[in-house]
Structures are given as C-alpha cells and as structure tokens.
Amino acid sequence: MLEHFKGEEVFVKKILDYKDQVQYRQRLILTPFYNPYYQSIVKKVIGNDPDIQILQKSGFVDSESQRMIIAPSYYEITDDDFSIVVVKVIYAKNFEKITHRDILGALMSLGVKRELFGDIVEKDGEFYIALDKKIYEYVKDYLTQIRHSKVKLQLCEEKIEVNNQYIIRQFIVSSFRLDKIVASFYKISRQKAADFIRAGHVKVNHKPVEQINYLCNNRDIISFKGHGRVMFVDCQRQTRSDNSVVEGYFYK
C-alpha cells in the first residue's frame, strides 16, 4: 500500500489506522478539512469496502476543501456530524477592501491550524469561512481586526455556492513543462521557476511537484506559494513557429 503513495507515507498510515478503527471498533471518524488531493488518497486507501461508508461535506456548495466521515455502513450520518459552521465576515467595506489572503493570514496569526477551517469564499462582495464548530467561539472572540478594519463574524445558514472568478491571460509557450509554464504565467525566469519547484513551492492539483520537467495537462491547477493559483488551459492551437497557445485562468 505505502509504495503507491511515495512521500505521503505518514498520511496513508493515519488513514489505515482510521480504517482499522472503523472496521474493528465500529467508530465514526471525522477528518479535518482536506483538499481534493488528500480526499482522493482517503478514497483509494479505504477502497470499495461494502462495510465502510465515506461521506464528505464542506459547508458550501461545490467547494474544494472538505471534511470526510469514515464510518460503518449502517451508521446514519447527518449534517451535524460534520461539525461545520459557515460564518460571514462583517466589516466596513467603504473604509478598506480586504482579500482572501488577508483573511487567511489573520486566521493563521491566531494560531488556528489550517486543517480546522475550509474554504474562504467570496460571493457578491461578501466573504464567508467554513470553520470547525469547536473553534467557532474562539475565532469569533479573537478575530476582531483584519488589516486596519474592525471585523465581526456572523453565523450564516444560507447555502453559499462557490463560483470561482478568474482573470484570463493568454500565453505562447514552447513546452508544457512545469518550469516553463510557471516562468511564463508568473513572469519570472525559468531558472527561478526551477528553483521554486525544486524547493517545494509549487503544487499541481494540490499535490507538491518537485520535478521541473513535469508535463502539465489541460485544466491542471497550479499553485505557487505566495503567488496564488492558476488553471492551465490548452487552447489546442499552434503558432507558425510550432509553439502552443495556452491560457492561464488566474483565481481572483
């Protein structure tokens, strides 16, 4: 089993332990918030065991980061079992505009572990956060300022659908190699792109990739630490010099 998940052995051992607890102790396991990459590992490790069910929930509709429940198949699971609350960030927008990164930084500065909150969603100019219910009171009491703005959190019962907004830019590239794509999309030298990739600062589809010659596939999501995320789109067009026309869908 472990040889199929090189670099993720510690995580896989944890999921195998969860599986044993469900099988032999009939326990319900509630995971932290996992990104799609780790969600996929959980499903592969648990497998298609008819005696085990895997359910997941994010707090939003169609969001990436989700909590998972691994439990005996006869358990009846409710939304409350996921222990998620969604909160709205209230602040004076006419005074200062805050960003997704500002909210993330403020939560991290409180010492809140990343696994205890899910996606931060912007919709119609408002920000919403999915939180582990156990930390809600703490965050509500201590997250009182973001940048220069006073903020407060308000519980939200509304179903918030995630519709990502993008800035689309077009590029001409000679190869789909990761170092060339990162260099083109983020306007840095290819050498710097290679250094950042080897240092583990770049993920593809939420998985760290340290091979500079990794070939990007259509609609891969590339994350560059400190520089945001972009979806790689192959336009399937060639220039006269046989270079490829591609687009970057940069997440707002």
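The values are calculated or read from the model by the stated rules, or taken from the named source; none is laboratory data. Given the structure is predicted, the values throughout are model-derived calculations rather than measurements. Cβ placement follows ideal geometry from the backbone for every residue including glycine, while neighbour counts extend to all protein chains displayed.
Computed quantities for the displayed model
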| quantity | calculated |
| --- | --- |
| Residues of the stretch 218-227 satisfying the condition of being in contact (Cβ under 8 Å) with a residue 24 or more places away in the chain and surrounded by fewer than 18 Cβ atoms within 10 Å (Cβ to Cβ) | Lys225, Gly226, His227 |
| Failed criterion for Asp141 (all others in (1) modelled with pLDDT under 95; (2) over 30 Å from Phe5 (Cα atoms); (3) of a type in the set (D, E, K, R); (4) surrounded by fewer than 14 Cβ atoms within 10 Å (Cβ to Cβ) hold) | (1) |
| Residue in the stretch 193-207 that is surrounded by 16 or more Cβ atoms within 10 Å (Cβ to Cβ) and more than 25 Å from Phe5 (Cα to Cα) present | yes |
| Gln211 touching a residue at least 12 places away in the same chain (Cβ under 8 Å) and loosely packed, with under 11 Cβ neighbours inside 10 Å | no |
| Candidate set: the stretch 123-135, residues that are surrounded by fewer than 19 Cβ atoms within 10 Å (Cβ to Cβ) and touching a residue at least 24 places away in the same chain (Cβ under 8 Å); chosen: the one farthest from Gln56 (Cα to Cα) | Gly125 |
| Which numbered condition Ile167 misses (of (1) assigned to a strand (DSSP E or B); (2) touching a residue at least 24 places away in the same chain (Cβ under 8 Å); (3) among the aliphatic types (A, V, I, L, M); (4) closer than 23 Å to Asp79 by Cβ) | (4) |
| Every residue from the stretch 129-164 that is part of a strand (DSSP E or B) and either among the polar types (S, T, N, Q) or touching a helix residue (DSSP H, G or I) at 6+ places or on another chain (Cβ under 9 Å) (or both) | Ile129, Leu131, Asp132, Gln145, Ile146, Ser149, Val151, Lys152, Leu153, Gln154, Leu155 |
| Residue count for the stretch 89-110, restricted to those that are in contact with a strand residue (DSSP E or B) (Cβ under 7 Å, 6 or more places away or on another chain) and either assigned to a helix (DSSP H, G or I) or under 17 Å from Asp141 (Cβ atoms) (or both) | 9 |
| Residue match in the stretch 170-178 (condition: surrounded by 17 or more Cβ atoms within 10 Å (Cβ to Cβ), touching a residue at least 24 places away in the same chain (Cβ under 8 Å), of a type in the set (D, E, K, R) and closer than 30 Å to Arg240 by Cβ) | yes |
